[in-house]
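> Below: one structure in structure tokens.
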Amino acid sequence: MVTSNLAYKAEIAPGADSAINSNPLKWCSVSLSEVVSRGKRLEASVFDVEAVHAHSILPNGKYPAVNLIGDNGPVECAYYGGRLKRRYVSKDEMGAVGFLGSSEMLDCKPEPVKFMINDDKVKDIRIKKNTILISRSGTVGNVTYVGDTLSNFLVSEHAIRMECKEYAGYVYTFLKSKIGKQMICSTQYGAVVQEIEPEHLATVPIPDAPAELKRKIHNLIIRSFELRDESNKLIDQATTLLVEELQLPKVSAFDVNLYNKEASVDTFSVKLSNVAGRFDASYHVPIVDAIIKHLQKYAMEVTTVGDTRISKEVVLPGRFKRVYVDEGYGRVLIGGKQLHELDPSGKKYLSTTKHDRILDKLEVHENTTLITRSGTIGKVALVPRHWEHWVPSDHIIRVIPASKGIAGYLYIYLMSDYGSRLITRFTYGSVVDEIDDDHVRAIPVPLLKSCELQQQINDLALVANQKRFEAYQLEQEALRIMDAEVIYA
């Protein structure tokens, strides 16, 4: 029988021998005192090699480590909203506000697809500015900071809210660092769906750096998120100019009187000459023709994405076997789910040696427009400078603009509600939705009567893209200082 005295005496307990065997199986040994200190948990993930390594670094660092939550910790409280029956409503309904999941909250400019009425029933899933959000279910440990943009939405109970006493940017940077994320992920539990709870974060250690250093890192993060907010405002301004110039009503207004109201379901007729080889109803929905007719009425000209004045090339990369490598040995691979993130989470890296013959065709360059073509159709992004030479997956179509003078305008139009409808009309597939490069080339694009206004819209989008690059640089500088001057100092 083991006495409780032995269990708690770390100084006489055998030290943890973290080692990786020669076979692919990772293993390490842990002392009984460690098992007790980790809440008597016996899951291997709590004691994996990376987690043991992370926990061994901070006690030997330059600055003492304190618990994340506690009297001396930087976090005041951590919690998540209670479960509630979600009553979704139309985007245009009075009082509707966007509802985000724990993956959507990571987007630089969230575009919610679900909406709820902002009343007392949803008070538990509202979020406050300057709060840190951590995904707690499914993909655990993704972190973001609540700025002006994100504070306008409701966020799922699958995100832990963390309110800090001070220097929230410093805490955010630590949690986003490799060491911070390893510590968070080491607390997860669940055989099928991985989860963490706020109490698991309480004992996560964080270096107690001097106030001056904390303030420096905090200010970098705050400015980074301010730049993201400024970028989003510029995009909204450009979209408003486009909508006003083309006198576009809300998308829902185009649906009025387009269907046969006498039938029990929405029905419409299509001329045989307009079938175009497509017998799926989604291709022929009347709203598409209504939008195109409206554009033809108020635009100088309606052309297509494939027009040489709009794009040099529309690229659909072929499928290929992916060879992944560790960070630093390959190109960053971006999936469609990560397309709206400033710094994509869960990065994977493609081998440069194994894919050297096709990298030129796969990599992207600044101001290229990316469109998801499989699964979730029609997510649109404008490639910022820090994505230069990164590799989007083969589920993403590249639209290479004809010039810098049209790149921003094309992005603003395609990411609008109207452009989105014209993209998704081409969707086909009974199980997995798809579109291809020929469909993208055929997407109608309006050219404005006012060339000056069109250029203004274009320039606003490019400035917004530049601000996102600057925001990324500031966050990377904060992470660099955290590693060099705090964690590994």
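The values are calculated or read from the model by the stated rules, or taken from the named source; none is laboratory data. Since we're looking at a predicted model, the values are computed, not measured. We place every Cβ from the backbone using ideal geometry, glycine too, and count neighbours over all the protein chains shown. These area figures cover heavy atoms from the full protein model, side chains too; ligands, DNA and RNA do not enter into them. Shrake-Rupley method; radii C 1.70, N 1.55, O 1.52, S 1.80 Å.
> Do you know which of the residues in the stretch 257-297 that are among the acidic types (Asp, Glu) and assigned to a loop (DSSP other than H, G, I, E, B) is modelled with the lowest pLDDT?
Start the filter on the stretch 257-297 by keeping residues that are among the acidic types (Asp, Glu), which leaves 262, 266, 280, 289.
Filter again for assigned to a loop (DSSP other than H, G, I, E, B), leaving 262, 266, 280.
Details: Glu262: 65, Asp266: 74, Asp280: 83.
Per the criteria, the residue is Glu262.
> Among the residues of the stretch 298-330, which ones are over 19 Å from Thr369 (Cα atoms) and either modelled with pLDDT under 95 or within 22 Å of the chain's Cα centre (by Cα) (or both)?
Scanning the stretch 298-330 gives Arg319, Phe320, Lys321, Arg322, Val323, Tyr324, Val325, Asp326, Glu327, Gly328, Tyr329, Gly330.
> Still on this structure: Could you tell me which numbered condition Asp307 fails, if it satisfies all but one of (1) without any contact (Cβ under 8 Å) to a residue 40 or more places away in the chain; (2) open to solvent by less than 40 Å² (accessible area, probe 1.4 Å)?
Going through (1) without any contact (Cβ under 8 Å) to a residue 40 or more places away in the chain; (2) open to solvent by less than 40 Å² (accessible area, probe 1.4 Å) one by one, Asp307 breaks only (1).
> Those residues that are in contact with a Gly (Cβ under 6 Å, 6 or more places away or on another chain) and of a type in the set (S, T, N, Q), I need them from the stretch 337-375; list them, please. Step through it out loud before you land on a result.
Here is the first cut: in the stretch 337-375, the residues in contact with a Gly (Cβ under 6 Å, 6 or more places away or on another chain) are 349-352, 372.
Hits for the stretch 337-375 are Ser351, Thr352, Thr372.
> Identify all residues within the stretch 110-165 that are over 19 Å from Cys77 (Cβ atoms) and among the charged types (D, E, K, R); write none if there are none.
Selection gives Glu111, Lys114, Asp119, Asp120, Lys121, Asp148.
> For residues that are open to solvent by less than 20 Å² (accessible area, probe 1.4 Å) and either within 14 Å of Arg228 (Cβ to Cβ) or in a helix (DSSP H, G or I) (or both), tally how many sit in the stretch 446-489.
The first filter runs over the stretch 446-489 and keeps only residues open to solvent by less than 20 Å² (accessible area, probe 1.4 Å), leaving 446-448, 457-458, 461, 464-465, 471, 475, 478, 481-482, 486-487.
Then keep just the ones that are either within 14 Å of Arg228 (Cβ to Cβ) or in a helix (DSSP H, G or I) (or both); that gives 457-458, 461, 464-465, 471, 475, 478, 481-482, 486-487.
Number satisfying all stated conditions: 12.
> Moving to a separate point now. Could you check the stretch 330-445 for helices (runs of 4 or more DSSP H) lying wholly inside it with 2 or more residues that are open to solvent by 20 Å² or more (accessible area, probe 1.4 Å), of a type outside the set (Asp, Glu) and under 30 Å from Tyr283 (Cβ atoms)?
Correct list: 417-424, 437-441.
> Can you tell me which residue is nearest to Tyr79 (Cα to Cα) among those in the stretch 212-231 that are open to solvent by 30 Å² or more (accessible area, probe 1.4 Å) and under 18 Å from the mean Cα position of the chain (by Cα)?
Taking the candidates together, the pick is Glu226.
> Could you tell me whether any residue of the stretch 391-407 is of a type in the set (Asp, Glu) and touching a Gly at 6+ places or on another chain (Cβ under 9 Å)? Working first, answer last.
To start, the set of residues in the stretch 391-407 that are of a type in the set (Asp, Glu) comprises 394.
Checking the rest, the ones that are also touching a Gly at 6+ places or on another chain (Cβ under 9 Å) come to 394.
Yes - at least one qualifying residue is present in the stretch 391-407.
> Now for a separate question. Could you check His284 against (1) in contact (Cβ under 8 Å) with a residue 40 or more places away in the chain; (2) crowded, with 17+ Cβ neighbours inside 10 Å and say which number it fails?
(1)
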